[in-house]
Amino acid sequence: MQRVSVEQRRARLGRQHRLVDSARAVDVEEVAGAIVCLHATDPATIYLSCWARFDGFATDDLDRAFYQDRSLVKHLAMRRTLFVFDRQTLADAQSGASERVAANESRRLIKDVQKAGLFPDGAKWLAEAKSAVVDALADGTEATSTELRERVPLLEGSVTYGVGKSWGGDVPIGPRVLTVLSAEGKIVRGSNRGDWASSRPRWAAMGSWLGKPLEPSTDGHTAMVERWLRAFGPGTVNDVKWWLGSTVAAVKRSLAELDAVEVDLDGGTGYLLPDDLDPPEPAEPWVALLPALDPTIMGWVDRDWYVDPEYRKLLFDNTGNAGPTLWSDGKVVGGWWQTDAGEVRLHLLEDVGTVASAALESRAATLTQWLHGRKVLPRFPSPLAKQVLG
């Protein structure tokens, strides 16, 4: 079995993810395609992930791709998470992940509205509510969730959770209907009423937004496994299963269909595509400042080869969300945050040497200038951020 060392994996990561100077992306579409998709739970993450990989990037580059060319689309997919896909990957993600998410969300919503006594036949109600929303957007108009609720009475109502708990309260059912429809590929987050670092979307019919209906791939699961291996390989079955929100059996079937080759990851078994077995050339030294939930830090579930387990306690919250990270030659070496004035500050967790340290400080100064005082606090602050900020 061919061995792939940690050093080789880190060299691959730098090039595959467009983080080394010699492999920078030339546009935002290349950024998204190179790492399969961009993580979009936190609106600012999308832009900062592109900034880290595309020299000369401006927010207008993504806005053009989102709202004019519509070459990139925000869509609910793996692990019930919002991502940004290019159009071809979107078709693979729909059948490979989103349809499974839509089915799960539908079952949960039907169960909840029936349990709350809102509708005796939850399935009938959900079908009628979805149809009414699609009809409301059929003429190509866009609408906020509030506007849709005013037009579609079936979206009214709420479900109570956690009675007597500090986190309990009433949760409206309307947004959950929109979640199901978006995962089904029927509606999409269209124009944004906020700025680049906030999300206040108007909903649109997917067919109107793209100019044609979304046509899911015939075997999106295998296509998504192939895309992951191309961008993140080598990796384990567990890595792919977690990333795709799939099952071990389904991942193994897709690996067999792709003729994926087993490789030795220092005693563990990983996989590479059969045309991607050549050892990588040594990568030039590189550093990076990546935002919270960046696709690279979130790309694998077995992470010890690029982030020290002790660092994980500081850089990930208790639900597995990563905060902003510092990278040097394919390894996480610390985190970063912003002062009240918006200045980017570094917190190194190990000695990276004077050259790498200076390079990180230079990148921090460049990011401070690019942000122009705008604070982009992550939605899920890491323990390190909480500690640094007192």
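When you scan region 24-40, do you find a residue that is modelled with pLDDT under 95 and either out of contact with any strand residue (DSSP E or B) (no Cβ under 9 Å at 6 or more places or on another chain) or among the β-branched types (Val, Ile, Thr) (or both), even just one? The answer is no; no qualifying residue exists.
Per the listing 169, 194, the residue uniquely over 18 Å from residue 136 (Cα atoms), in contact with a strand residue (DSSP E or B) (Cβ under 7 Å, 6 or more places away or on another chain) and surrounded by fewer than 20 Cβ atoms within 10 Å (Cβ to Cβ) is 169. Could you list, in sequence order, all residues of region 355-386 that are charged (D, E, K, R) and in contact (Cβ under 8 Å) with a residue 60 or more places away in the chain? Within region 355-386, 363, 374, 379 qualify. Kindly check whether there is at least one residue in region 84-91 that is surrounded by fewer than 20 Cβ atoms within 10 Å (Cβ to Cβ), part of a helix (DSSP H, G or I), among the small types (Gly, Ala, Ser) and at pLDDT 95 or above. Checked region 84-91: at least one residue is surrounded by fewer than 20 Cβ atoms within 10 Å (Cβ to Cβ), part of a helix (DSSP H, G or I), among the small types (Gly, Ala, Ser) and at pLDDT 95 or above. Looking for something in contact (Cβ under 8 Å) with a residue 24 or more places away in the chain and among the aromatic types (Phe, Trp, Tyr) - is there at least one such residue anywhere in region 147-170? No, region 147-170 has no match at all. Being farther than 30 Å from residue 375 by Cβ and touching a residue at least 40 places away in the same chain (Cβ under 8 Å) narrows it down to one residue among 245, 299, 323; which is it? The match here is 245. Among the conditions (1) exposed (fewer than 15 other Cβ atoms within 10 Å of the Cβ); (2) part of a helix (DSSP H, G or I), residue 139 misses just one, which is (2). Checked against (1) buried (at least 22 other Cβ atoms within 10 Å of the Cβ); (2) part of a loop (DSSP other than H, G, I, E, B), residue 289 passes all but a single condition, namely (2).
Counting only residues that are surrounded by 20 or more Cβ atoms within 10 Å (Cβ to Cβ), in contact with a Lys or Arg (Cβ under 9 Å, 6 or more places away or on another chain) and without any contact (Cβ under 8 Å) to a residue 40 or more places away in the chain, region 327-345 holds 2 of them. In region 192-209, the condition of being without any contact (Cβ under 8 Å) to a residue 60 or more places away in the chain and at positive phi is met by no residue.
For region 260-283, state whether one or more residues are under 18 Å from the mean Cα position of the chain (by Cα), closer than 29 Å to residue 324 by Cβ and surrounded by 14 or more Cβ atoms within 10 Å (Cβ to Cβ). No: zero hits.
The values are calculated or read from the model by the stated rules, or taken from the named source; none is laboratory data. The structure displayed is predicted, hence computed values, not measured ones. Quick reminder, even Gly has a Cβ in these numbers, built from the backbone with ideal geometry, and neighbours come from all protein chains shown.
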